[in-house]
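The structure appears below as structure tokens.
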Amino acid sequence: MKRPNTLHAAASVAACKLTRFALRKTGRGGTAIPGIVALKIAKNILASVSQGMKIVVVTGTNGKTTTCNMIEHALTSGGHDCLLNKSGANLMHGIASDLISSADWRGRPTHEYAVLECDEAALKQVVPYIRPKAIVVTNLFSDQVDRYGGVENTLQEIRTGVERSPRSVLVLNAEDPLSASLARNVPNKVVWYGLDESVGVQGNVDLSDAGVCPACGSRYEYDYHVYAHLGGFRCPKCGYSRQAPDVAVVSIDEKTADGSTVSMRIRKKDIQKVRIALPAVYNVYNAAASVAAIMALRLPAREAIEALATVHSSFGRLETFDLGGNRLQMILVKNPAGCNQAFSYVTGFDEDFSAVLCLNDRTGDGHDISWIESTDYEKLVSDPHLQKIYVGGDRAQDLYARLQRAGADQTRMELFPDYAALVAKLKTEQVPVFLLPNYTAMMELRDALSPETGAKEFWE
Ligand SMILES: [Zn+2]
């Protein structure tokens with residue numbers, strides 16, 4: 001991609017930095033606007049500010065943010081200088097804002113590496129300019145259907161991005177037949193990561209997003225399941241099947257609220273014990289993806305493996321708050337697969353807990369909330385350790401009704417249209433509380449909590 005001339009680049013970068021500064025002065029994160037301004041001045045500025053940078057792009061439905069954090073933590077722990085688009089503004093303009101404002105005033109990159117979370121549909125817009133070394137696809141599930149027109153459509157969006165970036169190494173989930181199909185008919189090298197059958201975890205099996213064999217159109221058969229449509233898939237007709245992963249989790253040896261210890265086999269070599277300082281099975285996947293991404297950058301897997309022991313959760317992803325001495329843990333939930341995984345996690349402990357469920361239906365969430373019908377609330381409400389359920393958000397009534405249909409005990413449920421009242425109530429809680437909001441509800445809940453807990457503004 002052609003780069004803008006020096007003067008043009010400098011003007012674009014200056015506009016971006018100044019707009020961002022002005023917006024922050026007035027207390028707004030302004031994550032997209034500086035990028036819009038900069039791209040108006042020089043539409044190919046991203047080619048300048050990313051020149052020579054080693055970039056990893058992370059896309060997919062669930063786990064993008066955590067996987068980005070893990071990769072960035074691995075790079076910085078390994079002594080490399082790395083930019084991360086922390087704000088979660090993962091569309092073209094948000095990515096542009098972060099990349100451009102990190103450049104020097106002449107439009108040259110100031111970091112050796114960048115780890116960029118990228119929306120599935122934005123991938124194809126961004127990659128021709130930034131030429132990533134690696135593209136990580138975490139997984140694909142039905143999500144925000146009204147925005148993308150179904151998971152097959154999302155897959156096609158990503159495929160277009162991959163086709164525009166033939167030299168990027170793909171980092172793919174071996175058990176997801178949808179994202180695994182991206183490896184077909186492209187020249188890109190692939191590093192596979194996954195969970196072997198020997199791990200023996202099995203969550204809710206739901207094959208509605210599995211798709212069909214890209215070679216012959218047959219339905220898949222499975223040798224084993226992990227959760228949803230992830231597992232040991234194979235086509236009974238033509239033999240197309242799961243690839244043996246380069247980064248293979250072979251067992252989960254310990255699971256606690258602070259994290260997991262797993263055994264990993266790297267490229268068929270020795271098995272190593274790996275401590276992952278974030279809990280839940282889906283973070284085992286994210287951890288394996290981060291190790292594979294580091295290998296795709298041709299750095300030693302060891303750098304990623306060691307860093308996993310000290311990785312921290314971020315904004316909304318198992319972020320922990322202290323509210324008057326009681327533990328609150330936030331898990332962003334935005335689709336059935338992610339929500340069911342969150343329920344597996346919160347019901348996996350031998351201690352009493354309460355839950356806060358908040359549902360909005362704004363643009364950032366997807367206007368269609370019918371996904372709550374196919375979500376396994378029954379699993380949550382049938383847990384004997386569950387004490388109270390607090391329900392909030394714009395669509396609290398719908399969620400309340402759904403919980404009733406799932407068999408929730410009405411005497412244990414309470415509606416909270418107002419977050420301040422909810423936070424006041426949470427202060428009186430005696431047991432750990434899991435907060436399970438979707439995206440814009442998380443923003444509001446977090447805002448309401450921050451004066452009490454000292455949580456940071458999200459762009460800090
Ligand atoms: Zn087939």
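Relative contact order of segment 317-453: what whole-number percent is it, with Cα pairs under 8 angstrom and at least 6 residues apart? Present the calculation step by step, with values, prior to reporting the outcome.
Numbers: 231 pairs, mean separation 50.7, N = 137.
Relative contact order here is 37 percent.
Would you kindly state how much longer the chain becomes between His312 and Gln51 on full extension, computed as 0.36 nm times their sequence separation minus their alpha carbon distance, in nm to one decimal?
Full extension of this stretch gives 91.0 nm more.
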Note to self: with every protein chain in place and a 1.4 Å probe, segment 105-257 gives an accessible area per residue in Å² of 40
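With +1 on the Cβ of every Lys and Arg and -1 on the Cβ of every Asp and Glu, and nothing else charged, how large is the dipole of the chain about its Cα centre, in debye rounded to the nearest 20? Working shown, then result.
Values: 50 positive and 51 negative charges, 472 e Å.
Computed charge dipole of the chain: roughly 2260 debye.
Normalised by the residues of segment 87-159, what does the relative contact order come to in percent, with Cα pairs under 8 Å and at least six apart?
30
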Using a/c under 1.5 as the rounded threshold, could you call segment 317-453 rounded, prolate or oblate? The axes a ≥ b ≥ c are square roots of the C-alpha gyration tensor eigenvalues, and prolate needs a/b larger than b/c, oblate otherwise. rounded
Per-residue SASA entry for Met1, accessible area with 1.4 Å probe, Å² rounded to 10: 120
FRET efficiency, 1/(1 + (r/R0)^6) with R0 22 Å, evaluated for Asp418 and Arg28 via beta carbons: 0.40
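Sort segment 224-344 into rounded, prolate or oblate with this rule: let a ≥ b ≥ c be the square roots of the eigenvalues of the Cα gyration tensor; rounded if a/c is under 1.5, and if a/c is not under 1.5, prolate when a/b is larger than b/c, oblate otherwise.
Oblate is the answer for segment 224-344, as a/c is 1.5 or above yet b/c matches or exceeds a/b.
Over segment 317-453, average the accessible area per residue using a 1.4 Å probe and give it in Å², no decimals. All intermediate terms of the calculation are to be shown ahead of the outcome.
Working: 5410 Å² over 137 residues.
With all protein chains present, segment 317-453 gives 39 Å² per residue.
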Starting from the 7 Å offset along Cα-to-Cβ, what nm value, one decimal, do you get for the label separation of Ala244 and Gln404? 5.5
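For segment 317-453, what % of the accessible area comes from carbon and sulfur atoms, probe 1.4 Å? Numbers along the way, then the final one.
Details: 2540 of 5410 Å².
Roughly 47 percent of what the probe reaches on segment 317-453 is carbon or sulfur.
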If I model a spin label as a point 7 Å beyond the Cα along the Cα-Cβ vector, how far apart are those points for Phe21 and Glu452 in nm? 3.8
Cross-link pairs Lys43/Lys133; Lys64/Lys124; Lys17/Lys86; Lys64/Lys273 - those with Cα-Cα distance over 19 Å: Lys43/Lys133; Lys64/Lys273
In segment 245-292, carbon and sulfur make up what percent of the accessible area (probe 1.4 Å)? 47
Could you state the accessible area per residue of segment 2-72 in Å², with a 1.4 Å probe and every protein chain left in place? 41
Mind checking the full-extension length gain between Arg267 and Val431? Use 0.36 nm per residue of separation minus the Cα-Cα distance, one decimal, nm. 54.7 nm
Rounded, prolate or oblate: which one fits segment 390-460, using the alpha carbon gyration tensor with axes a ≥ b ≥ c (rounded when a/c is under 1.5, else prolate when a/b beats b/c, else oblate)? prolate
So how compact is the chain: Cα radius of gyration and Dmax in angstrom? 21.8, 67
When the label point is put 7 Å from the Cα of Ile36 along its Cα-to-beta-carbon vector, which residues of segment 92-124 have a backbone N closer than 16 Å? 92-98
Computed [θ] at 222 nm, deg cm²/dmol, the chain (DSSP H ≥ 4; -39,500 (n - 2.57); rounded to nearest 500): -10000 deg cm²/dmol
Could you work out the relative contact order of the chain? I mean the mean sequence separation of Cα pairs under 8 Å and 6+ apart, divided by the number of residues, in percent. 13
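Over segment 156-231, with every protein chain in place, what whole percent of the accessible area is carbon and sulfur at 1.4 Å, could you tell me? Walk me through the intermediate numbers first.
Working: 1300 of 3070 Å².
Reported share for carbon and sulfur atoms: 42 percent.
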If you plug each phi of segment 120-136 into the Karplus form 6.51 cos²θ - 1.76 cosθ + 1.60 with θ = phi - 60°, what whole-Hz ³J(HN,Hα) values come out, in order, with x for Gly and Pro? 4, 7, 7, 3, 5, 6, 8, 4, x, 8, 9, 6, x, 5, 9, 10, 9
Rounded to the nearest 0.05, what FRET efficiency do Asp253 and Thr411 give with R0 = 45 Å and r taken as the Cβ-Cβ distance? Could you check? 0.65
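The values are calculated or read from the model by the stated rules, or taken from the named source; none is laboratory data. Please read all numbers here as calculations on a predicted model, not as lab measurements. So basically every Cβ, Gly included, is an ideal-geometry build from the backbone, and we count neighbours across all protein chains shown. Ligands, DNA and RNA are stripped out before the accessible areas are found, and what is left, the full protein with its side chains, is counted by its heavy atoms. Shrake-Rupley method; radii C 1.70, N 1.55, O 1.52, S 1.80 Å.
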